[in-house]
Amino acid sequence: MNSEQGLLIPLIAGSIAGVVQTTVSQPFEFWKTVSQLPHRFPQEMLPLGHYFTGCSILNICAVSKTFIRFGSFHVVNNWMQKTIPENQVPVNGRILLSSLFTGMMESVCIIPFENIKTNMIENIILASHSVNTTNKTTIKNVSTKRTTFHKVKSPLIQSRFSFRDPVPVHGLLKTIKEMYRSRGLRSYFQGSMPTLFRQMENSVVRFGTYTAMKQVWLQRFSNNETLQSYMGVILGTFSSIAVVSLTQPLDVVKTRMQSQWAPKLYTNSVNCAYQIFIHEGLPALWKGFLPRFFKVGLSGGISFGIYEYMENFIHSMQRDGYLSS
């Protein structure tokens, strides 16, 4: 099997897995994002369709992201395996380096999509609760009931860039246009640094734990070289638990920095983390842990389960002669 044909399996399997897991887990993504935004919203049920806000842009992102996630990891890992002697870089070292590269590539791809998704969710919430600049749930009244070291006021920061108050709009295209009109091109790249570090850590933890558990399972409990789909779900879920446990503070900072109001609230990601800690306390850096736990666990289980199923299915078609090997 040549390299292009070998890459076909992770690309097809990863794309299908990405779209399915993104759609199924979107309500948890919505819940997580709302809980992390710098607003206080009434705790009330919304129309069912609201919980799938941002699903359209994330499905577009899912295809690109999973192409990169599985494709780049597959290519880089195979390249290192062929070109670098094992005594120079052990298997675990290759996995680590491949995961770091995969995380960096993912981040470059998903940053604009993540910003659009966050703005779509923020818009639907602001519009649903009729939040305006004088409402008690507005950005000017981010919770300051808990002070960590000293009392620190939270005035809006004068942005170095032109900034007009955003207008809540509905729909993907309208959101993209409003983002550009209110903040320019930079609106699509807010939160780049925390997104970069979060994705790199996500990739290292996810692929590191998944690959290690898969190797142990195949060596000790399986008689063949393929992993059953149900075990892909189980191992994917466990690897996702590890991801959430280690990356949640970065995810909170990322969401805050992608808010429409971030340019008036924070000077950079470090300042954002500091202000969250000072005004809201250390637990605030773990906001949205539960919905993200469900979201990442569900999406990880579905993603790896479908990936293993599609990989086995394509291999079987190749063995039966339906696909050239």
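A few notes on this one:
- Members of the stretch 52-105 found to be of a type in the set (D, E, K, R) and at pLDDT 75 or above, listed by number: K65, K82
- A search for C-beta distances below 8 Å between a residue of the stretch 63-78 that is over 14 Å from M104 (Cα atoms) and assigned to a helix (DSSP H, G or I) and any residue that is of a type in the set (S, T, N, Q) and open to solvent by 50 Å² or more (accessible area, probe 1.4 Å), counting only pairs 6+ apart in sequence or on different chains, returns V75/S3; N78/S3.
- Across the stretch 162-180, the qualifying residues are those that are aliphatic (A, V, I, L, M) and open to solvent by less than 70 Å² (accessible area, probe 1.4 Å), and the one among them that is nearest to L126 (Cα to Cα) is V169.
- Figure legend. Inter-residue proximity from the stretch 237-248: first residues open to solvent by 50 Å² or more (accessible area, probe 1.4 Å), second residues part of a helix (DSSP H, G or I) and charged (D, E, K, R), beta-carbon distance below 7 Å, spacing 6+ or different chains. Indicated pairs: L246/E201.
Condition check ((1) modelled with pLDDT under 85; (2) part of a helix (DSSP H, G or I); (3) in contact with a helix residue (DSSP H, G or I) (Cβ under 8 Å, 6 or more places away or on another chain); (4) not β-branched (V, I, T)) across all residues:
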{"site": "L285", "(1), (2), (3), (4)": "no, yes, yes, yes"}
{"site": "E311", "(1), (2), (3), (4)": "yes, yes, yes, yes"}
{"site": "I314", "(1), (2), (3), (4)": "yes, yes, yes, no"}
{"site": "Q318", "(1), (2), (3), (4)": "yes, yes, no, yes"}
{"site": "L323", "(1), (2), (3), (4)": "yes, no, yes, yes"}
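- For the stretch 206-228, the count of residues that are of a type in the set (G, A, S), in a helix (DSSP H, G or I) and at pLDDT 90 or above is zero.
- In this entry, G281 passes the filter for residues that are surrounded by fewer than 16 Cβ atoms within 10 Å (Cβ to Cβ), in contact (Cβ under 8 Å) with a residue 40 or more places away in the chain and over 24 Å from G297 (Cα atoms).
- Checked against (1) in a loop (DSSP other than H, G, I, E, B); (2) modelled with pLDDT of 85 or more; (3) farther than 21 Å from T118 by Cα, S259 passes all but condition (3).
The values are calculated or read from the model by the stated rules, or taken from the named source; none is laboratory data. Not measured: the values here are computed from a predicted model. Reconstructed Cβ throughout: ideal geometry from the backbone, glycine too, with neighbour counts over all protein chains shown. Areas reflect the complete protein model, heavy atoms only, side chains present, ligands, DNA and RNA absent. Shrake-Rupley method; radii C 1.70, N 1.55, O 1.52, S 1.80 Å.
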